[in-house]
Amino acid sequence: MSYHFATRTAGLRSSAIRDLLKVTEMSDMLSLAGGLPTPDSFPLADLRREADRLLSEYGPRVVQYSATDGVVELRQWIADQYTSEFARPVAVEGEIIVTHGSQQALDLLAKVLIDPGDVVVSESPAYLGAVQALELFQPRFEVIPGDEHGMQVELLAERLAAGLRPRMVYVVPNFHNPSGATMSLARRRHLADLADQHDLLIVEDDPYGAIRFAGEPLPPIASFTDRVVYLSTFSKIVAPGFRVGWMIGPPEVMSWVARAKQAADLHTSSFAQFLLANVVQQPGWLDAQKARIVPMYRDRCVALADALEAALGDRISFHRPDGGMFLWTRFTDIPDTTALLQHALREGVAFVPGNAFTIDQVPDSKARFSYSTLSPAQLGAAVQRLARAVDAAS
C-alpha cells in the first residue's frame, strides 16, 4: 500500500544513536554509544518510599489530570532554584512549563517559533536530538563552529553584523553533547549582549550542568539577559524514565508554548511530577544525590581518557571535559569513522561517528564516546576492542 506523507517529513533523519541501541543491546557488546545515565545513580530506595507515601497520603490527586504548565509544587521548586541561579525573580506563573523531558520543550518551541525557511543558529557539532526536533519544521540551519570553550560567539557576532537574523540561537553551554565543551564566561556574556542588541531568542539547553566534576560552576546565560528560554531535566540527576523536564522563559513565549502543549499531551505525568517534587524538596537531598553520583562520572571519564591515551597514543586526540558524559575525539589516521564503526562492531564495541552530529552528515575523522554507563574496568576492555578495530581500519 502507498501512503501520502507531509512534505516536512522529507528531511526527517533517523537518530544514529537510537538506531545503534538495537546493536548495543547484544549481551556481548560494550557500548560507548548511548549517553545513558548509569543505573547506579538512580535513587531507587528514595523513589520507592516517596511513591508509597504519595499514594497513601495524597490519594487520587497524584494520578488525576493536572495543569498544562505543571503541578504547582514542582513549579514552585523550580522557581526557587532558578531565582537563585539567575539572580533575578522567576515567577511560578507564566514563566515555567514542565515538559515531557527537555526534548519535548524543543519540539514545542519549534512549533510556535519556526516557519519553513526561518534561520536557526546551532553549534557544530550539534546535539542530534535538537537537530531532529527542529528540522521537522524546515528551518535553515546556520552553523557556528565550536571549540573546547563552546560556540565561537565572535563568529556569530560577525554574521549578525553582516545581516543574519535568526529566529533562535540554540546552545548547550555546559558539557556539550557531543563535544563535552563548556562555554566560557566571556562568551556567555557576549552571547547575552548579542541577544539584547539584535532582539535574539537564545535557547539554553542545560541537561548536564549538575554533573560537574572539575572546575568552578559558571552562571547561566539566562542570568545575563531575559531573552532566553532555559531548558533542563531530571533525566541525568534523578532518572530518565520519568521524562520530566522544564523550561523557563519570557511569558510572551511561554503562553504560546502552553497552548501548543495543550494540543500535544494536555500535561506531563501528574504522578511523576508529584513524586519528583517530593523527593527533591527534602532538605539536602539534591546536594547529597550530586555528591553521590558525580564521582561515578568523574572516575569513568578518567578511566576512558587514560585508556584511550595508553592504547592509541597520538592516533587520537581529545580534551578532557569538566563534566557531563562524553569524550569528543579525532582520529589522526582514520578519515571516516563510519567505516571504523563497522570494524568496531565486529570487535564488540560501539560508538557514534562524528558526522551524526553535523547538519550535512559528511563522514569525518571524529567520534563521540560516552563513558556514562560502563564501569571503569569495562571501559578499559572497550578501548582494547576499539584499538583492534583501529588497527583493522588503518
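The values are calculated or read from the model by the stated rules, or taken from the named source; none is laboratory data. Please read these numbers as outputs of a predicted model, since none were measured by experiment. All Cβ positions, glycine included, derive from the backbone under ideal geometry; neighbour counts span all protein chains shown.
Data for the structure
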item	result
Test: residue in the stretch 362-371 that is polar (S, T, N, Q), closer than 26 Å to GLY129 by Cα and surrounded by fewer than 19 Cβ atoms within 10 Å (Cβ to Cβ)	no
Residue check for LEU304: closer than 18 Å to ALA33 by Cα and under 21 Å from the mean Cα position of the chain (by Cα)	yes
Yes/no for ALA367 being touching a Pro at 6+ places or on another chain (Cβ under 7 Å) and under 22 Å from THR38 (Cα atoms)	yes
Residue within the stretch 231-246 that is more than 26 Å from MET296 (Cβ to Cβ) and either in contact (Cβ under 8 Å) with a residue 60 or more places away in the chain or surrounded by fewer than 22 Cβ atoms within 10 Å (Cβ to Cβ) (or both) present	no
Filter result for LEU155 (crowded, with 18+ Cβ neighbours inside 10 Å and of a type in the set (A, V, I, L, M))	no
Qualifying residue in the stretch 320-340 (condition: outside the structural domain of SER235 (by TED's automatic domain parsing), among the charged types (D, E, K, R) and in a helix (DSSP H, G or I))	no
Condition check for VAL294: touching a residue at least 24 places away in the same chain (Cβ under 8 Å), touching a Leu at 6+ places or on another chain (Cβ under 9 Å) and assigned to a helix (DSSP H, G or I)	no
Set GLN289, GLN361, GLN384, GLN378: member being of a type outside the set (Asp, Glu), in contact (Cβ under 8 Å) with a residue 40 or more places away in the chain and either outside any helix (DSSP H, G or I) or in contact with an Asp or Glu (Cβ under 8 Å, 6 or more places away or on another chain) (or both)	GLN361
Condition broken by LYS111, with the remaining ones in (1) within 30 Å of LEU160 (Cβ to Cβ); (2) of a type in the set (Lys, Arg); (3) over 21 Å from the mean Cα position of the chain (by Cα) satisfied	(3)
Residue under evaluation ARG75, criteria (1) within 16 Å of VAL244 (Cβ to Cβ); (2) in contact with a helix residue (DSSP H, G or I) (Cβ under 6 Å, 6 or more places away or on another chain); (3) crowded, with 21+ Cβ neighbours inside 10 Å, criterion not met	(2)
When residues of the stretch 77-87 are limited to those that are over 21 Å from the mean Cα position of the chain (by Cα) and either in contact (Cβ under 8 Å) with a residue 40 or more places away in the chain or not in a helix (DSSP H, G or I) (or both), the one nearest to ASP287 (Cα to Cα)	TRP77
The stretch 177-197, residues that are in contact (Cβ under 8 Å) with a residue 60 or more places away in the chain and either of a type in the set (S, T, N, Q) or at negative phi (or both)	ASN177, PRO178, SER179, ALA181, THR182
Residue ranges of strands (runs of 3 or more DSSP E) in the stretch 181-285 with at least 2 members in the same structural domain as GLY163 (by TED's automatic domain parsing) and at pLDDT below 95	none
Members of the stretch 310-354 found to be of a type in the set (S, T, N, Q) and surrounded by 20 or more Cβ atoms within 10 Å (Cβ to Cβ), listed by number	THR329, THR337
Looking only at the stretch 203-213, and only at residues there that are buried (at least 24 other Cβ atoms within 10 Å of the Cβ) and touching a Lys or Arg at 6+ places or on another chain (Cβ under 7 Å), the one that is farthest from VAL169 (Cα to Cα)	ILE211
